[in-house]
Amino acid sequence: MLAVTILGNNSALPAFDRHPTAQVVTMDDHVFLVDCGEGTQMQMSRYKIRRSKINHIFISHLHGDHYFGLIGLITSMGLLGRTLDLNLYASPALEDIINLQLRVADIQLPFKLHFHPLVAQGVILKEAKLEVLCFPVYHRIECWGFRFQEIRPVRRVNPEKARILGVPSSFFERLKWGEDYITKEGNTILNADATDPGTPAKSYAYAADTAYDERLIECVRGVDLLYHETTYLKDLEARAINRFHSTTTQAATIAKRAGVRHLLIGHFSSKYEKLDDFEVQARELFPNTDLALEGVTYRAGGPASAATTPTEPATPPLSNTATTSSADTRAAAPKAGTAKDAAPKKAAERDTAAKGAASKDGAPKDGVSKETPKASSEGA
């Protein structure tokens, strides 16, 4: 399974019950944290994301709305008695910042903190069933996107066919990876004759804060699920260019040209209280677009990506500049089946309109229902 749970979807300032950027990516037994804006710990408690399950944290860049919650999370892990190593992937300067914060507070962590500086595009984490790559995006300061990819066998063994052809079971694992079998007599049993097509590997790309940059197309090409920032609606394209951000139509253009299956949009400016127009504008160019709503889990793969919403839990105890041109989520586990396009209830409440739709299995695709406080229109 590859799924993304949104903890924060706003830019710059917290506003309208929206929080600075943070996401949890779940891949099989792994729980990854992507960015850690202010309030991330509170959101993790709210949606029952267990801190102890997070062993890798990826920070896109050093604007505060993407990492100001990090030192609090790290120190909380220490207070809760964590002993497992923690891996942090970010621009090199973050290591000095974290070490300074720990030093001036005289904090001795009970676990090892491993820092992995992002200096070049490529694979930054690889395990038997997954890999994570980083790629530069075009922002005002050095900024990185991340691509999460499953590693799966390319073929599925058909035991009956294989045995009829004389392929021993001891060779089945190699058949999964596309190898032909050579008999003792020197005859070749073609892989395709003993196997069926395997389950396609799923992928998710996170395009952090970025201006419109067509070089991103190759970095995110063909992913099942793409998150691309849309700080502004299309009428503010000039402002987006000036501030190194993107609009709805720009994100949709990247998704369409990259051939992705499903687009999530977020990083909304705090000048907007209502979000419906973001979805409407993006869908004009790329119909399979959804708002990245807090508390909603989006599952990659399948005929469409299904989104499910956790039950509102009680809060538990504290327990490149790229170039010069550019969980344990127990309460948020995705359900089986697929969901059709629909505006979740959380967005509908902001817009004072009831927009809802049922999934194919009859389950509603609703966001978390909350009161929406007033907020300043200042910010990004």
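Contact order for the stretch 156-195, expressed relative to its length and based on alpha carbon pairs under 8 Å spaced 6+ residues apart, stands at 48 percent. Pairs from the table (126/256; 53/129; 129/256; 129/176; 126/176) lying more than 25 angstrom apart at Cα are 126/256; 129/256. Net length available on complete extension from residue 188 to residue 107 is 22.9 nm, with 0.36 nm assigned per residue and the Cα-Cα distance removed. Assign one of three labels to the stretch 96-156, namely rounded, prolate or oblate, based on the Cα gyration tensor with a ≥ b ≥ c the square roots of its eigenvalues; rounded applies when a/c is under 1.5, prolate when it is not and a/b is larger than b/c, and oblate otherwise. Because a/c hits 1.5 or more and a/b fails to exceed b/c, the stretch 96-156 counts as oblate.
With viscosity 1.306 mPa s and temperature 10 °C, the Kirkwood radius over alpha carbon pairs of the stretch 156-195 converts through Stokes-Einstein to a diffusion coefficient of 164 µm²/s.
Here, each number is a calculation from the coordinates, and none is a lab measurement. Please read all numbers here as calculations on a predicted model, not as lab measurements.
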